[in-house]
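I have placed the structure first, in the form of structure tokens, so that the comments after it can refer back to it.
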Amino acid sequence: MSHLRLCRAAALGLSLALAAPVPAAEAGTCKGTLYLTLDTGNMAFADAIAETLRRHDVRATFFLANEKTTRGDHALDASWNDYWSARAGEGHAFGSHTWRHGNFLRDVGGGVAYRPQFPATGVETLDTAGVCAELNRVDAAFRAAAGRGLDPFWRAPGGRTTPIALAAAKSCGYAHVGWAPAGFLGDELPSDRYPNRALVDGAVAKLRDGDVMMMHLGIWSRRDPYAPMLDELLTRLKGRGFCFATLRERAG
């Protein structure tokens, strides 16, 4: 097992900078805890989402991949170092989302078929060392940006894993984390069929204590972006008595 891993067990109508802070829930008043997770995506709403989290005093868990962004760079380029450093300073948690944001397709022999997205280079076969390299390269970039490493978990793009991919990641210190059915916030679905209002209403009605929620810091395909709804979503969930924590806190 990697010694590196063993050593540690705005955006489209959203202008919140001048809004009043939203008070955190008082200790002992929580009726349940939710775990908000944020995958990199195209990073179009990265700053606006960070401001929303600050206003609500909510700590989230970010899953990082070196995805192409709307700025024309990539999410783990040095140009994003200040962003990740600031989030680390705010107390958020961080996991690997693979370096090239690839799909784990199927197990083949002693390895796993993997299709990278950034860059799209076709299907290759990763052995255990190859899977760990995909995860640990994110750790190295984040460490350079934030002065600390990732927390010991990862998320496969699309949540799609294989037995060999899971075992390989475990061997280098990463546990896989998906999301609850109700926690799929739907920000990557077509907005004409899944309007923001319906998605928020559904999440508020269905989320339960312990659920992991998942959205992105920006999505290429959705015409009506979901990210500006995060403020309302957090407000309404707090109104139901929920508090928020990171996956690091859940792991204890």
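Looking only at the range 122-143, how many residues end up being over 9 Å from Cys172 (Cβ atoms), in a helix (DSSP H, G or I), in contact with a strand residue (DSSP E or B) (Cβ under 9 Å, 6 or more places away or on another chain) and not hydrophobic (A, V, I, L, M, F, W, C)?
4
Can you tell me which residues in the range 82-117 are farther than 22 Å from Ile164 by Cα and either modelled with pLDDT under 95 or out of contact with any helix residue (DSSP H, G or I) (no Cβ under 9 Å at 6 or more places or on another chain) (or both)?
Gly91 - this is the single residue of the range 82-117 that is farther than 22 Å from Ile164 by Cα and either modelled with pLDDT under 95 or out of contact with any helix residue (DSSP H, G or I) (no Cβ under 9 Å at 6 or more places or on another chain) (or both).
Across the range 131-154, what is the total count of residues that are of a type in the set (D, E, K, R) and surrounded by fewer than 21 Cβ atoms within 10 Å (Cβ to Cβ)?
3
Looking at the range 155-168, which of the residues that are under 17 Å from the mean Cα position of the chain (by Cα) and over 14 Å from Asn66 (Cα atoms) is surrounded by the most Cβ atoms within 10 Å (Cβ to Cβ)?
Per the criteria, the residue is Thr161.
Say whether the condition of being farther than 22 Å from Ser79 by Cα, assigned to a strand (DSSP E or B), touching a Lys or Arg at 6+ places or on another chain (Cβ under 9 Å) and at pLDDT 95 or above is met by at least one residue in the range 47-57.
no
Scan (1) out of contact with any Phe, Trp or Tyr (no Cβ under 9 Å at 6 or more places or on another chain); (2) within 30 Å of Arg208 (Cβ to Cβ); (3) surrounded by fewer than 19 Cβ atoms within 10 Å (Cβ to Cβ) for the single condition Thr128 breaks and write down its number.
Only one criterion is unmet by Thr128, namely (2).
The values are calculated or read from the model by the stated rules, or taken from the named source; none is laboratory data. In this text the structure is predicted, and so the values were computed from the model without any measurement. So basically every Cβ, Gly included, is an ideal-geometry build from the backbone, and we count neighbours across all protein chains shown.
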